[in-house]
Amino acid sequence: MSQAHPGSQPVVVPFGDQALLCVLGDSIDEDLNRRVHRLAAAVGTDREREGVPWGAPVPGYASLLVPYDVGRLSLASATRRLERLVGRAEDEPAEEPDASALIEIPVRYGGESGPDLADVARRTGLDEDGVAQLHASITYRVFILGFVPGFAYLGRLPAQLELPRRDEPRPRVPAGSVAIAGRQTAVYPAATPGGWHLIGRTEVSLWDPDATPPSRLQPGQSVRFVASPR
């Protein structure tokens, strides 16, 4: 397994001297990401039920980082153990989305809330309402958290809305801005620089350092945007 190509079979390789990286593929894909989360759950179960000294697994788009206690588990043993878990997880049936866990985020599209909406409409051949309706028409998966705390990469965006990032990033994007770039969408949880296209804004707070967990959105969750009156 450890010699397979990342685009075909899962690959388990050392990541530094205290972790393993399991690569399941090389694309941004919902089914592939679900496989990553099945493996993460299997690692957690192995740690809790069998006492294997795994650390907290970190899911990526198509890979899983698995720390381990090098004082209690050798590289060879950890690799063999993780490869067995990969095999078991790959045999598990795909989970059905939990409709009760769907997170809805109200959005004001366009105007001061979405200063790039008119340009996005022009570039995609839609009108502004069409962009908003298409963006809000599907359920998105939280692939990963990154960039800044609470920034959730959601996908996949409808192909008609696919655009490269802005040529000139903004030095400051307001918190709550709903944005698109490539085949993904996101909500800026705090005011930061950013190069995505801003099409709306929400009042929902997505990052609270005093909450448990502090990020409102977590990898593997489902998100739907709901248009609010402008």
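Note on the stretch 196-222: residues that are open to solvent by less than 10 Å² (accessible area, probe 1.4 Å) and either free of Cβ contacts under 8 Å to residues at least 12 places away in the same chain or farther than 18 Å from Val131 by Cβ (or both) total 3. Of the set (1) outside any strand (DSSP E or B); (2) more than 15 Å from Phe143 (Cα to Cα), all apply to Val107 but (1). Within the stretch 112-134, residues that are more than 20 Å from Glu203 (Cα to Cα) and without any contact (Cβ under 8 Å) to a residue 60 or more places away in the chain sit with their Cβ atoms under 6 Å from residues that are of a type in the set (D, E, K, R) and surrounded by 15 or more Cβ atoms within 10 Å (Cβ to Cβ), at 6+ positions apart or across chains, in these pairs: Ala121/Glu128.
Kindly establish whether Asp26 is in contact with a Gly (Cβ under 6 Å, 6 or more places away or on another chain) and either open to solvent by 20 Å² or more (accessible area, probe 1.4 Å) or at pLDDT below 95 (or both). So Asp26 fits the description; yes. Screening the stretch 179-194 for residues that are outside any loop (DSSP other than H, G, I, E, B) and under 17 Å from the mean Cα position of the chain (by Cα) and picking the one that is surrounded by the fewest Cβ atoms within 10 Å (Cβ to Cβ) gives Gly182. For Thr139, the criteria (1) crowded, with 16+ Cβ neighbours inside 10 Å; (2) of a type outside the set (D, E, K, R); (3) touching a residue at least 60 places away in the same chain (Cβ under 8 Å) hold in every case but one, which is (1). The residue of the stretch 195-221 that is nearest to Asp119 (Cα to Cα), among those that are touching a Lys or Arg at 6+ places or on another chain (Cβ under 6 Å) and assigned to a strand (DSSP E or B), is Gly200.
Of all residues in the stretch 45-76, exactly one satisfies the criterion of being free of Cβ contacts under 8 Å to residues at least 40 places away in the same chain, closer than 17 Å to Pro14 by Cβ, open to solvent by less than 40 Å² (accessible area, probe 1.4 Å) and not in a loop (DSSP other than H, G, I, E, B), namely Trp54.
The values are calculated or read from the model by the stated rules, or taken from the named source; none is laboratory data. Model, not experiment: these values are computed from the prediction. Cβ sites come from the backbone with ideal geometry, for glycine too, and all protein chains shown count toward neighbours. Ligands, DNA and RNA are excluded from the accessible area calculation, which covers all protein heavy atoms including side chains. Shrake-Rupley method; radii C 1.70, N 1.55, O 1.52, S 1.80 Å.
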